[in-house]
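Asker: To start, I am sharing the structure in question, which I have written as structure tokens.
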Amino acid sequence: MHTSGMWFLLACTAAEESLPKESVADSGDSGEVPATATPWEEADFWTDPGPLQPLMVDPQDPPGPEWEVRIATSDDGQTWVAEDRLIARGMSSLHLLITNEGLIINGVLDRRHLEGIGLDLPSDALYAIVTADLETWGSHSWPIDGASYTQSIDPLLYWNAEGQVEAAWFGTSADGDPAQQPGPHPIMGGIWDGRAFVEDGPLWEEDGLADPSICVLDGKTWLFATQDASRVVAATAGDGRSFEATELAWGGPTVPFCWEEVDHLMVLAQTTGGAQPPELLRVNADGSSEAQGQFWDRSPFPPEFGNSCTSPVVGQLDGLWVFACAMSRPG
């Protein structure tokens, strides 16, 4: 792994420390779910099996190809060891949020897999698996209030410039593969109101956008995305909402994941559909960028885990480096 990656947790932790820690409302005797300043203030957040339990506990194995969430860990960010444990099935297009308490991994649910195990879940919600210790995993879903589209694709939670949690996703109502949908693809934004993410309109809209990832550097918000399934592009916004495209076009890698370091951003992305090692890009505050090469020389995941490692994400939990990706396993 590129050694500059050792700095990115500092920015995430600093942002989180500015978050309000008290509940923003009391539930009283109404029976309603109490409003919270952050989603993970919900009771038993890190251990509640939640709606995705059938994908994680004694996961069923229907016939046909599927996605599997796998993780690898490292003490130094250099030498990685794959865990034998299967974290979840039927989930891909991952994104990672680091909190002081644990890790939140958002993802897209494979509808074919859900049908195969008889699990019916709404498509206009945000889904995540969570852990505070890498041993016990829970899951959650959050509604989108005021959703303009029937599907929320490639969801993520991220820190805004004020250190508050927000959400983003590619919104579509089209059937079939959303990546092949012609015309502009809106990256929608959502603001946490204590119980749900309230849609706040499109953040950025261009042809062929997917897989958003959002970071803040020097008060400016950056939105990275895949475009036309062939390159990573970026837009910036001073207010965190009105994004304008930059000249960045990183050809080849796709499905970006960004994080902030001391004076620049790092972007990790899959290559050749995840069949080759992920690659890294350094992005400076002035918009210039430099390719940093491969994340690792050889994947720690054995061949029996699958033939590709897609939507790679990386972070730290209690000083331990954690890498996750969605492995494509043939049926």
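Asker: If I filter segment 123-135 down to residues being part of a loop (DSSP other than H, G, I, E, B) and farther than 21 Å from residue 314 by Cβ, which single residue comes out as least open to solvent (accessible area, probe 1.4 Å)?
Answerer: Step by step, filter segment 123-135, then rank; the result is 123.
Asker: Now for a separate question. Looking only at segment 231-268, count every residue that is aliphatic (A, V, I, L, M) and open to solvent by 50 Å² or more (accessible area, probe 1.4 Å) and tell me the total.
Answerer: 3
Asker: Now, a different point. Only one residue in 179, 147 is in contact (Cβ under 8 Å) with a residue 12 or more places away in the chain, of a type in the set (A, V, I, L, M) and either under 14 Å from residue 202 (Cα atoms) or open to solvent by less than 40 Å² (accessible area, probe 1.4 Å) (or both). Which one?
Answerer: On inspection, the qualifying residue turns out to be 147.
Asker: Exactly one of (1) acidic (Asp, Glu); (2) modelled with pLDDT under 50; (3) not in a loop (DSSP other than H, G, I, E, B) is unmet by residue 29. Its number?
Answerer: Checking residue 29 against (1) acidic (Asp, Glu); (2) modelled with pLDDT under 50; (3) not in a loop (DSSP other than H, G, I, E, B), the one that fails is (3).
Asker: Hey, which of the strands (runs of 3 or more DSSP E) in segment 38-122, taking only ones fully inside, have at least 1 residues that are within 14 Å of residue 141 (Cβ to Cβ) and open to solvent by less than 20 Å² (accessible area, probe 1.4 Å)?
Answerer: The strands (runs of 3 or more DSSP E) meeting that bar are 91-98, 103-109.
Asker: Continuing with this model, one more query. I'm trying to understand the selection: among the residues of segment 192-215, which are more than 16 Å from the chain's Cα centre (by Cα), charged (D, E, K, R) and over 25 Å from residue 35 (Cα atoms)?
Answerer: Answer for segment 192-215, where residues must be more than 16 Å from the chain's Cα centre (by Cα), charged (D, E, K, R) and over 25 Å from residue 35 (Cα atoms): 205, 206, 207.
Asker: Keeping to segment 202-230, report how many residues are open to solvent by less than 20 Å² (accessible area, probe 1.4 Å) and either in contact with a Pro (Cβ under 9 Å, 6 or more places away or on another chain) or aromatic (Phe, Trp, Tyr) (or both).
Answerer: 12
Asker: Tell me which of these residue 155 doesn't satisfy, since it passes every other one: (1) farther than 23 Å from residue 233 by Cα; (2) touching a strand residue (DSSP E or B) at 6+ places or on another chain (Cβ under 7 Å); (3) not polar (S, T, N, Q).
Answerer: Against the list (1) farther than 23 Å from residue 233 by Cα; (2) touching a strand residue (DSSP E or B) at 6+ places or on another chain (Cβ under 7 Å); (3) not polar (S, T, N, Q), residue 155 comes up short only on (1).
Asker: Six or more apart or on different chains, Cβ atoms under 7 Å: show the pairs whose first residue is in segment 55-79 and modelled with pLDDT of 95 or more and whose second is part of a helix (DSSP H, G or I) and surrounded by 13 or more Cβ atoms within 10 Å (Cβ to Cβ).
Answerer: As it stands, the answer is 70/305, since those pairs meet every condition given.
Here's the yes/no breakdown for (1) over 23 Å from residue 185 (Cβ atoms); (2) without any contact (Cβ under 8 Å) to a residue 12 or more places away in the chain:
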site: 211; (1), (2): no, no
site: 220; (1), (2): no, no
site: 271; (1), (2): no, no
site: 293; (1), (2): yes, no
site: 299; (1), (2): yes, no
site: 304; (1), (2): yes, yes
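Asker: Would segment 268-290 turn up any residue that is touching a Lys or Arg at 6+ places or on another chain (Cβ under 7 Å) and under 28 Å from residue 102 (Cβ atoms)?
Answerer: There is no residue in segment 268-290 that is touching a Lys or Arg at 6+ places or on another chain (Cβ under 7 Å) and under 28 Å from residue 102 (Cβ atoms).
The values are calculated or read from the model by the stated rules, or taken from the named source; none is laboratory data. Remember, predicted model here, so these are calculated numbers, not experimental data. Backbone-built Cβ (ideal geometry, glycine too); neighbour counts: all protein chains shown. Note: areas computed on protein heavy atoms with side chains; ligands, DNA, RNA excluded. Shrake-Rupley method; radii C 1.70, N 1.55, O 1.52, S 1.80 Å.
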